[in-house]
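Peer 1: I am attaching a structure below and will ask some questions about it afterwards.
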Amino acid sequence: MRKTARLRLAMLIAAGIVSLAVANITTTIVAEDYPSRPIKLLVPGTAGGGMDVIARVIANSISESLGQTVVVENKPGAAGNIAVDQLARSAPDGYTLVVGQTSQLAINPSLYPKLPYDPLKDFAPIVLLADAPNVVVVSGKSPIKSLADMVKAAKDSPDGLDFATPGAGTVSHLTGELFQRTAGIKLRHIPYKGAASAVTDVAGERIPVLLSSIPTSMALIQGGQLRPIAVSAIARSPALPDVPTIAEQGYPGFDAGTWYGLLAPAGTPADVVARLNAAANEALKSPDVIKKVLAEGCVVLGGTSETFAEKLRADNVKWGKIVREAGVTID
């Protein structure tokens, strides 16, 4: 090798070593100084919804813990994909976060053929915040008193049993699809554009069964117009402690619902992720936070970022399989 070539190679190697050292120093400085300015928390929904309530109560608590403002920014649209895509395109510095849920991160990747982000590659999971099961309800006047009654009614009907949900591709819809496969029955999906009309029609006995979030149905459950017969989580809901789970009623291991989690862009420094994880876990121990989360029909989760990453991988497989088997697509 000529002397000039060797010198050029040595200079390139030295430059690479310096660049790597500078990058490591920069990352360390970012992590040590974090947070030095306000943090933006994206919410893939409108103000006032369940996800927004959880995001704001967590934001307030994290803000106190970190000593820095956390600004909640609502970004509804495209089933929440707009907000999540914005996070994927944000700088991986811990100053832009999102509260995502099952729909955007585990269902939509199989539901939308041209989703602009990859839930397993584009994000750094920080912590699972809360879990919200679906509740299976019928009219307060319905002869269906239990999940066994519902299964029998479905088996006795040649065309299957109609079930309403807030819309195609929602967690409620796919929970129904999962249950009919688990129980070996036929359920016919009746999608609504939102939960309000679906709740009204089931209470009025125009549709026999509804799957929805607990808060959506709670007022009519308390008023007796709706009868809850099962919740879809692995454990009973504190909001409906007398209502047995699907698993309890003959379907061991059945667990479906909406979880909420805090995420940063992929490449966010590990120290920053760890600090956010610690702050969020501290927030989830606050009696005020727990009270407000329970009021939304949810249970508090928490845990490590690794646990969230595992959940994300497992649920992409689980819900992707259901989407494919049910033939659900949204352009």
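Peer 1: Does at least one position in region 231-245 carry a residue that is in the same structural domain as Ser197 (by TED's automatic domain parsing), among the β-branched types (Val, Ile, Thr), assigned to a loop (DSSP other than H, G, I, E, B) and touching a Pro at 6+ places or on another chain (Cβ under 9 Å)? Before you say what the answer is, go through the steps one by one.
Peer 2: Of all residues in region 231-245, those in the same structural domain as Ser197 (by TED's automatic domain parsing) come to 231-245.
Adding the requirement that they be among the β-branched types (Val, Ile, Thr) leaves 231, 234, 243, 245.
Keeping just the survivors that are assigned to a loop (DSSP other than H, G, I, E, B) gives 234, 243.
Now narrow it down to the ones that are touching a Pro at 6+ places or on another chain (Cβ under 9 Å): 234, 243.
Yes, that holds for at least one residue.
Peer 1: Something else now. Report, by residue number, each residue of region 150-179 that is at pLDDT 95 or above, surrounded by fewer than 20 Cβ atoms within 10 Å (Cβ to Cβ) and not basic (Lys, Arg).
Peer 2: Ala153, Asp156, Asp162
Peer 1: A further question follows. Condition first: surrounded by 15 or more Cβ atoms within 10 Å (Cβ to Cβ) and either among the β-branched types (Val, Ile, Thr) or touching a Ser or Thr at 6+ places or on another chain (Cβ under 9 Å) (or both). Now tell me which residues in region 132-149 satisfy that.
Peer 2: If the condition is that a residue be surrounded by 15 or more Cβ atoms within 10 Å (Cβ to Cβ) and either among the β-branched types (Val, Ile, Thr) or touching a Ser or Thr at 6+ places or on another chain (Cβ under 9 Å) (or both), then Ala132, Pro133, Asn134, Val135, Val136, Val137, Val138, Ile144 are the ones that fit.
Peer 1: Which is under 18 Å from Val171 (Cα atoms), surrounded by fewer than 21 Cβ atoms within 10 Å (Cβ to Cβ) and of a type outside the set (Ser, Thr, Tyr), of Pro44, Pro109?
Peer 2: Going through Pro44, Pro109 in turn, just one is under 18 Å from Val171 (Cα atoms), surrounded by fewer than 21 Cβ atoms within 10 Å (Cβ to Cβ) and of a type outside the set (Ser, Thr, Tyr): Pro109.
Peer 1: Tell me, which residue of region 89-106 that is more than 24 Å from Asp131 (Cβ to Cβ) and of a type in the set (Gly, Ala, Ser) is surrounded by the fewest Cβ atoms within 10 Å (Cβ to Cβ)?
Peer 2: Step one: of region 89-106, the residues more than 24 Å from Asp131 (Cβ to Cβ) are 89-96.
Adding the requirement that they be of a type in the set (Gly, Ala, Ser) leaves 90-91, 94.
Values: Ser90: 18, Ala91: 10, Gly94: 24.
Checked region 89-106; the qualifying residue surrounded by the fewest Cβ atoms within 10 Å (Cβ to Cβ) is Ala91.
Peer 1: While we're looking at this one, here's another question. Which of the numbered conditions does Asp315 fail, given that it passes all the others? Conditions: (1) more than 29 Å from Met218 (Cβ to Cβ); (2) modelled with pLDDT of 95 or more.
Peer 2: (1)
Peer 1: Here is a further query. Could you list, in sequence order, the residues of region 246-259 that are β-branched (Val, Ile, Thr) and assigned to a loop (DSSP other than H, G, I, E, B)? Can you show your working first?
Peer 2: Just the residues of region 246-259 that are β-branched (Val, Ile, Thr), to begin with: 246, 258.
Hit for region 246-259 is Ile246, nothing else.
Peer 1: Follow-up question, since we're still on this one. I'd like to verify a number: residues in region 37-85 that are part of a loop (DSSP other than H, G, I, E, B), at negative phi and either among the aromatic types (Phe, Trp, Tyr) or more than 20 Å from the chain's Cα centre (by Cα) (or both), how many?
Peer 2: Summing the residues that are part of a loop (DSSP other than H, G, I, E, B), at negative phi and either among the aromatic types (Phe, Trp, Tyr) or more than 20 Å from the chain's Cα centre (by Cα) (or both) in region 37-85 gives 4.
Peer 1: Before we move on, is Ala132 of a type in the set (A, V, I, L, M) and on the phi > 0 side of the Ramachandran plot?
Peer 2: no
Peer 1: Same structure, new question: Could you please tell me which pairs satisfy a Cβ distance under 9 Å, a separation of 6+ or placement on different chains, a first residue in region 57-85 that is under 30 Å from Lys114 (Cα atoms) and in the same structural domain as Tyr112 (by TED's automatic domain parsing), and a second residue that is among the acidic types (Asp, Glu) and not in a helix (DSSP H, G or I)?
Peer 2: Pairs found: Ala83/Glu73; Val84/Asp122; Asp85/Asp122.
Peer 1: Another question, then. Of all residues in region 200-213 being part of a helix (DSSP H, G or I) and without any contact (Cβ under 8 Å) to a residue 40 or more places away in the chain, which is nearest to Pro143 (Cα to Cα)?
Peer 2: Applying the filter and picking the extreme gives Asp201.
Peer 1: Take Gly297 and tell me if it is under 23 Å from the mean Cα position of the chain (by Cα), in contact (Cβ under 8 Å) with a residue 40 or more places away in the chain and on the phi > 0 side of the Ramachandran plot.
Peer 2: So Gly297 fits the description; yes.
Peer 1: I need every pair where a residue in region 255-282 that is free of Cβ contacts under 8 Å to residues at least 24 places away in the same chain has its Cβ under 6 Å from the Cβ of a residue that is in a helix (DSSP H, G or I) and among the aromatic types (Phe, Trp, Tyr), sequence separation at least 6 or different chains.
Peer 2: Taking only residues 6 or more apart or on different chains, not a single pair turns up.
Peer 1: Within region 298-307, identify whether any single residue is hydrophobic (A, V, I, L, M, F, W, C) and part of a helix (DSSP H, G or I), and answer yes or no. Steps first, answer last, please.
Peer 2: Kept after step one, since they are hydrophobic (A, V, I, L, M, F, W, C), are these residues of region 298-307: 298-301.
Applying the additional criterion that residues be part of a helix (DSSP H, G or I) yields none.
No, region 298-307 has no match at all.
Peer 1: Inside region 174-195, can you point out the residues that are in a helix (DSSP H, G or I), out of contact with any helix residue (DSSP H, G or I) (no Cβ under 8 Å at 6 or more places or on another chain) and not polar (S, T, N, Q)?
Peer 2: Gly176, Phe179
Peer 1: Run down Gly261, Gly176 and say which single residue is more than 23 Å from Val53 (Cβ to Cβ) and among the small types (Gly, Ala, Ser). Please lay out each step first, then the result.
Peer 2: On the way: Gly261 fails: more than 23 Å from Val53 (Cβ to Cβ).
The match here is Gly176.
Peer 1: What is the one condition in (1) closer than 11 Å to Val135 by Cα; (2) part of a helix (DSSP H, G or I); (3) modelled with pLDDT under 95 that Ile221 does not satisfy?
Peer 2: All conditions pass for Ile221, except number (3).
Peer 1: Let me ask you something else. Taking region 201-214, which residues are modelled with pLDDT of 95 or more and out of contact with any Leu (no Cβ under 7 Å at 6 or more places or on another chain)? If you could, list the steps in order and put the result at the bottom.
Peer 2: Let us first name the residues in region 201-214 that are modelled with pLDDT of 95 or more, namely 201-211.
Scanning region 201-214 gives Asp201, Gly204, Glu205, Arg206, Ile207, Leu210, Leu211.
Peer 1: Now for a different question. I need a count of the residues in region 146-182 that are under 22 Å from Ala235 (Cβ atoms) and over 25 Å from the mean Cα position of the chain (by Cα).
Peer 2: 5
The values are calculated or read from the model by the stated rules, or taken from the named source; none is laboratory data. Only a predicted model underlies this, so the values are computations on that prediction, with no experimental measurement involved. Neighbour counts are summed over all protein chains in view; Cβ atoms, including those assigned to glycine, are modelled from backbone coordinates with ideal geometry.
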